Amino acid sequence: MTAELIDGVAIAGKVRSEVASGVEKLLADTGITPGLATVIVGENIASQTYVRAKRKACAEVGIQSFGHELPAASTQSEVEMLVRQLNADRNVHGILVQLPLPDGLDEEAVLAAISIQKDVDGFHPINIGKLGMKGRDPLFVPCTPDGCMRLLEESGAQFSGANAVVLGRSNIVGLPAAMLLLKRDATLTVCHSRTKDLPTVCREADILIAAVGRSEMVKADWVKRGAHVIDVGINNKWLDHPSDREMVCEISGETFTAHRQDESEKGGRKRVGYLDEKSGSVYLREYLPEGRSIDGLVKLFRRHKLVGDVDFEEVQEVAGYITPVPGGVGPMTIAQLLSNTLRGAQAAGG
Ligand code: GUN
């Protein structure tokens, strides 16, 4: 059997067009344009990429976005002061502080400073607490797990009484996903690094959500025939290349496996880029005319492909329904953020 693909791009497209209509109606009815404030502290390249995508998606559905970038050396009170300003800003209906924060900042205190009415990430302790409690409803649910639930619903998963296994217990995905499944009356198992015999536990799952950040860890013999498999992982898989070799960086002295990427000439000097297998950094060796060479760390580029936590090729032969990577959960995270921001603005207008 080959599993049916759960098309996150198409389902996210549906959510986005619902949001776009909602934004238009809200503006017509109340004159309110929904606004999302994004906050990045420091220069985490992945965070910058994610937030850029979130802001672009806002623009596409008519949500205003307000970008704030604070230096990595910002103090706790500077970050919290910005959050309080955004809490008070009538044009802002959602606040997203991109995680992780740089070392030294207290994430828990920053998230607790966000007004629960604007907590579109659903990470405020009151929202996350209500998510875990019977009979209580949070104002907002974290975007990635909420997106996973929508993908499961759209692919016809039955929750009540189903065996659901969540691989990973992160605050951002695994834990809230588990609470959402429990709210829908699934019989829940949460697995983590100390869990014994993962394949056997996972094989019991009618619904399996993998959110551990380990490339292609879930294999075909971990999966029950016909199961719904949701892959939250987004991992870089370096592609092997015949010219991969051991290198020593002359600056740091570190040994790394590198792949010779390119050879070029600049100003009459030959330059060769070498890629570090582990970090993805590129070391550039520049050959000087007098026969010496200098090495430096330049920028990140490497032949790689994105893979999930699930070995897609193998698992699709066993699962009933499966999300691809990319094109599964990723687009849903942004779509749910837009939807939450619209709801924040509707509540403010109503
Ligand atoms: N970092 C990784 N995922 C997320 C997310 O969904 N929200 C925030 N704020 N930070 C993240």
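The values are calculated or read from the model by the stated rules, or taken from the named source; none is laboratory data. Because the structure is a prediction, the values reported are computed rather than measured. Every residue, glycine among them, receives a Cβ derived from its backbone with ideal geometry; neighbour counts consider all protein chains shown. Side chains are part of the model used for accessible areas, which takes the heavy atoms of the whole protein and leaves out ligands, DNA and RNA. Shrake-Rupley method; radii C 1.70, N 1.55, O 1.52, S 1.80 Å.
Matching residues to (1) over 14 Å from Ile40 (Cα atoms); (2) away from the ligand (no atom under 15 Å from the Cβ); (3) in a loop (DSSP other than H, G, I, E, B):
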| site | (1), (2), (3) |
| --- | --- |
| Arg84 | yes, yes, no |
| Asn87 | yes, yes, no |
| Leu99 | no, no, yes |
| Gln117 | yes, yes, no |
| Val120 | yes, no, yes |
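Within region 51-66, which residues are within 11 Å of the ligand (Cβ to nearest atom) and either assigned to a strand (DSSP E or B) or not charged (D, E, K, R) (or both)?
Scanning region 51-66 gives a single hit, Val51.
Kindly provide the set of residues from region 30-50 that are near the ligand (Cβ under 9 Å from one of its atoms), open to solvent by less than 10 Å² (accessible area, probe 1.4 Å) and more than 17 Å from Leu86 (Cα to Cα), ordered by number.
Ser47, the sole residue that qualifies.
Looking at region 206-222, which of the residues that are within 19 Å of Val329 (Cα to Cα) and of a type in the set (Gly, Ala, Ser) is surrounded by the most Cβ atoms within 10 Å (Cβ to Cβ)?
Ala210
Please go through region 183-205 and give me each residue that is in contact (Cβ under 8 Å) with a residue 24 or more places away in the chain, assigned to a loop (DSSP other than H, G, I, E, B) and open to solvent by less than 50 Å² (accessible area, probe 1.4 Å), ordered by number.
Answer for region 183-205, where residues must be in contact (Cβ under 8 Å) with a residue 24 or more places away in the chain, assigned to a loop (DSSP other than H, G, I, E, B) and open to solvent by less than 50 Å² (accessible area, probe 1.4 Å): Ala186, Ala205.
From the list Val141, Val110, Val92, which one is over 20 Å from the mean Cα position of the chain (by Cα) and of a type outside the set (Phe, Trp, Tyr)?
It is Val92.
How many residues, within region 122-145, are near the ligand (Cβ under 10 Å from one of its atoms) and either out of contact with any Leu (no Cβ under 6 Å at 6 or more places or on another chain) or over 23 Å from Gly327 (Cα atoms) (or both)?
Number satisfying all stated conditions: 4.
Could you please let me know if Met149 is assigned to a helix (DSSP H, G or I), touching a helix residue (DSSP H, G or I) at 6+ places or on another chain (Cβ under 9 Å) and open to solvent by less than 20 Å² (accessible area, probe 1.4 Å)?
So Met149 fits the description; yes.
Report, by residue number, each residue of region 6-19 that is surrounded by 17 or more Cβ atoms within 10 Å (Cβ to Cβ) and either touching a Ser or Thr at 6+ places or on another chain (Cβ under 8 Å) or in a helix (DSSP H, G or I) (or both).
Selection gives Ile6, Gly8, Ile11, Ala12, Val15, Arg16, Val19.
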